[in-house]
Each structure stands twice: as C-alpha cells, then as structure tokens.
Amino acid sequence: MAQASAYPGTDSAGPAQARTLDPDATVTVDRSAHAGLRALAHDAGRADEMPDEGARAAWAEHGAVMAAGLPPDVHRAVARFRAHGAPDEALLLRGLLPDLPDLGLTPGTLTPSAVSGDARFAALALLGVASLLGEPFSFRSLYGGRIVQHVLPVEEHRVAQTSGDSTDLLWHVEDAHRPDRCHYLALLCLRGAPEAVTQFASARAIRRMVGDRWARVLREPRFAVQPDTAHTNGVHHPSEDTGGEEKVCVLSGPDEDPRIRYDAIYLHPADPGDRDAAYALHLAAEAADATAVGHVLEPGEVLVLDNRRAVHGRTTFTARYDGTDRWLLRAMVCADLAAHRSRRGVRTLP
Ligand SMILES: [Fe+2]
C-alpha cells in the first residue's frame, strides 16, 4: 500500500492539464526499419534473459546488436539527446514498432516466466534503444532482476505506487533510494490506455519555479529517502538504510543544469520537525505540476527519460485484469561506462 505522506501538500497527484511534448523531442521512425529489426531479433534464436546473470549478459548483448537495425534518425536523435539533453529531458520515438500482431495477453504478473512472440521482439528492440544510451541493468530486488521489466496493472498492487499500480503514480525518479539508480529509463508501449497520461517535469523547470530561497533548501542534505515497495521483497542493500541515516539533497549540480532526487512518497525531511524542508518539497511538487509535460503512450512508441534531470509520474487508468490492460516494457540504463565496468559488467546489481 502507498504510505500517506507525513507532510500535507508533498504528495501532489500531478497536473490536471499537462503540456504536450515539444515536437523537436519527437522522432517518427520510418516503417522500413521494422523488417531489419525483426531479422536481427530472429538471429537471437531462443535466448532469454532468465534465469541467471549469464543469460542476462547474453540477452543484453543481443540487445546491443539490435541497435544496428535502428534507422539513422534514431541514432542521431539519441546521440543528440545523450550529448545535449532536451528541453523536457525526454525523447519520444514514435512508430518504432508499427506492427505487433502476435502480442498475446497482457500478463497478470510483473514477473512472467518468459516472453514470447512480439513481446519478446519488442523487448529486444527496447534493449537496442537502451544500448545507444549506455548499459542496461537492474537490481536483484526488482522484479526478479529482469533488465526488461513489465509495467502493467496487477490486481494485488492496485494502489502500491509501483509499476503494478493503476492509480495515480506520484512524482518520482526511479529508485531514488539508490545512489546507483539509472541515468535513463526507456518505456516501450505494447498496449496503451487512453487515460494513462505519462507525465514528466525537468529539474531545470522545477528549480526555476521554486525560486532561489527554496532551491537552496532543496540543495541541502536535509532529506531522507526509503526504498520503495517494489524493492522490499529483495535482498538487503546498505543504501536501504538511508532512511534516518544518510542525508540526501533533492537538487544538485549547476543551476542551469540541475539534477534531481525526488519521490513524493518515499523522500521526506530527515528531521520530521523541519518545516522548511517540508515546504520546499511541497513547492517542488507544485512546480512539477505547473511545468509538466504529458503524453499518452501509443503501441510501438518508446519514451526515453533522463532519470537524473526529470521526475515522472502517471495518471490513473482503468485496469480490467483480463489480459487486455495497458502493458509497457521498461529498461533502465547506466550511462557511466566506467561505473558499469567497475561493477564487472553485472546486469543485475545486488
Ligand atoms: Fe517510475
């Protein structure tokens, strides 16, 4: 269950009306690329990322090969996004997979035993895009360690504030409690839902809107963050002790290009009596509401978000739990190749 915030006003449900994504942050992919991607996926044979690290390493390598099938426009757009970012710190690839006739039913679990048909093809294509940004990885404590994760509604997680939730997903960055959280996340839509608006807001816009005084508070290490429930069934990690121990900042980096660490549910003032810190978080959520961009993901689209420079969330949608629900695939990326190497290239971190 989602925890109620101890600080009224910090758990904004997001804006009623978000802006639409800047057309310059959108690439419409030529249909002709599709056949080449299918051929490369076929070459992956029966490879699957389960059940262990060795399988996942091979799976990620198949993903890297898929990048060769992506058209030049996608390579160019991702290279530009990597080097220069984008006004909203998001990049949308429209029509990457225009035909997915063999999708099968939306799974009823976040950890299906294996993917097949077009879901498997899409998983490899997503890894192709992810490979252009860095190294796909995940955590052992998250959805069985899968590096391609299933974002779909699960009845028992209906209001859990995780990928299995269908109620408003409040503003957050992915895995705020982890210092080694992803630099980018990429979402590929297999099956959409018209009410599910994916929303995002840049740290730069939030910083501007909260003003100098409250930005200074957000830059101070006076916040604590706890692991979200998506991780709590997993192994223990020292960073999970940060609630009440390590103090973290919400904003960091240069004012003109700030980084953000935020979670409306799991990040709080380290001192429960710190009213200024609570108010600064409230303002940050309001600023995200006021500056947000919204996009309803369509089947075959990939949305890439910079997890260091933007927060994201999603509006409520109706889940039926009958195999026809909204279904996304998600990949998380480490853009620091030296860090990835120093972790011995492990795809599923402890
Ligand atoms: Fe998320």
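The values are calculated or read from the model by the stated rules, or taken from the named source; none is laboratory data. Quick caveat, the model's predicted, so the values are computed rather than measured. Please note: Cβ atoms are built from the backbone with ideal geometry, for glycine as well, and neighbour counts cover all protein chains shown.
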Could you list all residues from segment 19-53 that are part of a loop (DSSP other than H, G, I, E, B) and more than 27 Å from Asp73 (Cα to Cα)? Gly45, Arg46, Ala47, Asp48, Glu49, Met50, Pro51, Asp52
Between Pro98, Pro107, Pro136, Pro112, which is surrounded by fewer than 23 Cβ atoms within 10 Å (Cβ to Cβ), in contact with a Lys or Arg (Cβ under 8 Å, 6 or more places away or on another chain) and not in a helix (DSSP H, G or I)? Pro98
Please work out which one of (1) within 15 Å of the ligand (Cβ to nearest atom); (2) more than 21 Å from Val302 (Cα to Cα); (3) surrounded by fewer than 22 Cβ atoms within 10 Å (Cβ to Cβ) is the condition Thr162 fails and give its number. (2)
Condition check: more than 14 Å from the ligand (Cβ to nearest atom), closer than 16 Å to Leu152 by Cβ and either among the acidic types (Asp, Glu) or without any contact (Cβ under 8 Å) to a residue 40 or more places away in the chain (or both). Does Asp336 satisfy that? no
Checking Ala122 against (1) in a loop (DSSP other than H, G, I, E, B); (2) closer than 21 Å to Asp52 by Cα, the condition it does not meet: (1)
Any residue in segment 308-320 that's farther than 14 Å from Gln161 by Cα and assigned to a strand (DSSP E or B): show its pairings with residues that are β-branched (Val, Ile, Thr) and away from the ligand (no atom under 11 Å from the Cβ) at Cβ separation under 7 Å, as long as the two are six or more apart or on different chains. Val311/Ile260
Would you mind finding the one in His183, His157 that is away from the ligand (no atom under 13 Å from the Cβ), within 14 Å of the chain's Cα centre (by Cα) and surrounded by fewer than 23 Cβ atoms within 10 Å (Cβ to Cβ)? His183
Any residue that is modelled with pLDDT of 95 or more, crowded, with 22+ Cβ neighbours inside 10 Å and more than 30 Å from Arg158 (Cα to Cα) - is there at least one of those in segment 226-249? no
Every listed condition ((1) surrounded by fewer than 22 Cβ atoms within 10 Å (Cβ to Cβ); (2) over 21 Å from the mean Cα position of the chain (by Cα); (3) in contact (Cβ under 8 Å) with a residue 12 or more places away in the chain) holds for Ala277 save (1)
Would you mind stating whether Gly144 is in contact with a helix residue (DSSP H, G or I) (Cβ under 6 Å, 6 or more places away or on another chain) and either more than 14 Å from the ligand (Cβ to nearest atom) or part of a loop (DSSP other than H, G, I, E, B) (or both)? no
Matching residues in segment 19-37 - criterion: being surrounded by fewer than 20 Cβ atoms within 10 Å (Cβ to Cβ) and in contact with a helix residue (DSSP H, G or I) (Cβ under 6 Å, 6 or more places away or on another chain): Gly36
Among (1) part of a loop (DSSP other than H, G, I, E, B); (2) over 19 Å from the mean Cα position of the chain (by Cα); (3) of a type outside the set (A, V, I, L, M), where does Trp59 come up short? (1)
Do you know which of the residues in segment 305-324 that are aliphatic (A, V, I, L, M) and within 15 Å of the ligand (Cβ to nearest atom) is nearest to the chain's Cα centre (by Cα)? Leu305
